[in-house]
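Taking it in order: structure first as structure tokens, then the write-up.
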């Protein structure tokens, strides 16, 4: 599976990507019309951002319909969110605890949020344990613990 591009996106680039994620693939005009009406930028502004996103590897042209190019995202919403979280953690010295303490102080993190996160962590750990057990079970006896390497030395 090819690795997804790691692209740093500005706030406005994220808005444009949100429109593309919602539409799947779209022309510049379709993206522009998807942006909020009260602060909708000019067509040429959206076009410039789309071309910039194409240069960054966040999206690509898939076809041309008449004079309009149709674009599709290469970066998923999840990958963009992961990149933002990584940047935010870097700002707090890489410590999730420092970030969480700041969120608690700001009133942005509740006990309910923490309980939900705890449940998600438990589920992820259970899935990892299941995957690990499947991998060990699938390997011939002894190889999961390095037995094949021992046999090759003899």
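Points worth noting:
- Listing of helices (runs of 4 or more DSSP H) fully contained in the stretch 77-148 that carry 3 or more residues being surrounded by 10 or more Cβ atoms within 10 Å (Cβ to Cβ), at pLDDT 90 or above and in contact with a strand residue (DSSP E or B) (Cβ under 9 Å, 6 or more places away or on another chain): none
- Residues satisfying the stated conditions in the stretch 34-65, i.e. in contact with a strand residue (DSSP E or B) (Cβ under 9 Å, 6 or more places away or on another chain) and either assigned to a helix (DSSP H, G or I) or over 21 Å from residue 83 (Cβ atoms) (or both): 34, 50, 53, 54, 61, 62, 63, 64, 65
- The set of residues in the stretch 1-30 being in a helix (DSSP H, G or I), touching a residue at least 40 places away in the same chain (Cβ under 8 Å) and in contact with a strand residue (DSSP E or B) (Cβ under 8 Å, 6 or more places away or on another chain) consists of 17, 20, 21, 28.
- For the stretch 66-76, a residue qualifies if it is buried (at least 20 other Cβ atoms within 10 Å of the Cβ) and either outside any loop (DSSP other than H, G, I, E, B) or at positive phi (or both), and the qualifying residues are 71, 73.
- Condition check for residue 13: at pLDDT 95 or above and closer than 27 Å to residue 94 by Cα: yes
- Scanning the stretch 63-74 turns up no residue that is free of Cβ contacts under 8 Å to residues at least 12 places away in the same chain and either under 21 Å from the mean Cα position of the chain (by Cα) or closer than 20 Å to residue 15 by Cα (or both).
The values are calculated or read from the model by the stated rules, or taken from the named source; none is laboratory data. Worth saying up front: this structure is predicted, and the values here are computed from it rather than measured. A quick note on method: Cβ atoms are made from the backbone with ideal geometry, for glycine too, and the neighbour counts reach across all protein chains shown.
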